[in-house]
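To keep things clear, I will list the structure first and then write my remarks on it.
What follows is calculated from the coordinates using simple rules that are stated; it is not laboratory data. Keep in mind that this is a model prediction, so the values were computed, not measured. Here the Cβ positions follow ideal geometry from the backbone for every residue, glycine too, while neighbour counts run over all protein chains shown.
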Amino acid sequence: MSMRAQVLLLCCVLVMSTQSHAEGGCPTGMVPEGGPGTSSCRPLPGSGQAGAQASSGPRSVTYIERWGAVALDAQYTGNIGASRDKSSRPEAERIAMANCLSLGSKKCELVSAYSNGCVALAKSDTHYSVASARKLSEAESTVLELCADTSCKVVYSRCSMAVPVR
């Protein structure tokens, strides 16, 4: 099979795999999102994530939001660039893209930006999937469910949790 035919076949598989998860592919409390060659679940806004303040008995604790991001060159190299524990989404995204490109990648794309939680990226023989959740174990189990292939393996998982300050 020619290289052009292989690339076309891969693109078709990637499109079909993301479309198959477009409705209801996420567990309760999560909503789907994704891009070309990826499928993703993220927590529903306001579904129990740490907010600007949380009560801890009689004392009030303020949390400083922390961001992470993942960039991926799925088309050429499979390189992953990531960032975590950043103070803003733009900073996390910029650093993830720079890290991906610094590995010699040709076409990095941002596949996830997350705050006050965790992310996991899985790879199968034909596609990538990404999911975010409040706990690392939840992100990893969700991404493997989304990937839905026996060859799926978690290739990256990390957390960027809110930092409590008094």
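Annotation: lysines with alpha-carbon distance below 26 angstrom to residue 135 (same-chain offsets under eight excluded): 86, 123, 153. Between the amide H of residue 109 and those of 72, 73, 74, distances stay under 5 Å, these residues lying 5 or more places away or on another chain, with hydrogens modeled in the peptide plane. Backbone amide hydrogens, once placed in the peptide plane, bring residue 158 within less than 5 Å of 119, excluding anything fewer than 5 places away on its chain. Specify whether the C-alpha gyration tensor of the range 60-123 places it in the rounded, prolate or oblate class, a ≥ b ≥ c being the square roots of the eigenvalues: rounded for a/c under 1.5, otherwise prolate if a/b is larger than b/c and oblate if not. Note, shape of the range 60-123 comes out prolate. Modelled spin-label separation between residue 106 and residue 76, with each label point placed 7 Å from Cα along the Cα-to-Cβ direction: 0.5 nm. Stretching residue 166 away from residue 137 to a fully extended chain increases their span by 7.6 nm, per 0.36 nm per residue minus the current alpha-carbon distance.
The residues 152, 147, when put in order of fewest to most other Cβ atoms within 10 Å, stand as 152, 147. Listing 64, 95 from fewest to most neighbouring C-beta atoms within 10 Å gives 64, 95. Contact order, relative form, for the range 69-118: 46 percent (alpha carbon pairs under 8 Å, 6 or more residues apart, mean separation divided by residue count). Annotation: amide H of residue 66 within the under-5 Å range of 116, 162, 163, sequence separation 5 or more or interchain, hydrogens built in the peptide plane. Peptide packing: for 117-126, 71-80, the average count of neighbouring Cβ atoms within 10 Å per residue gives the ranking 117-126, 71-80, highest mean first.
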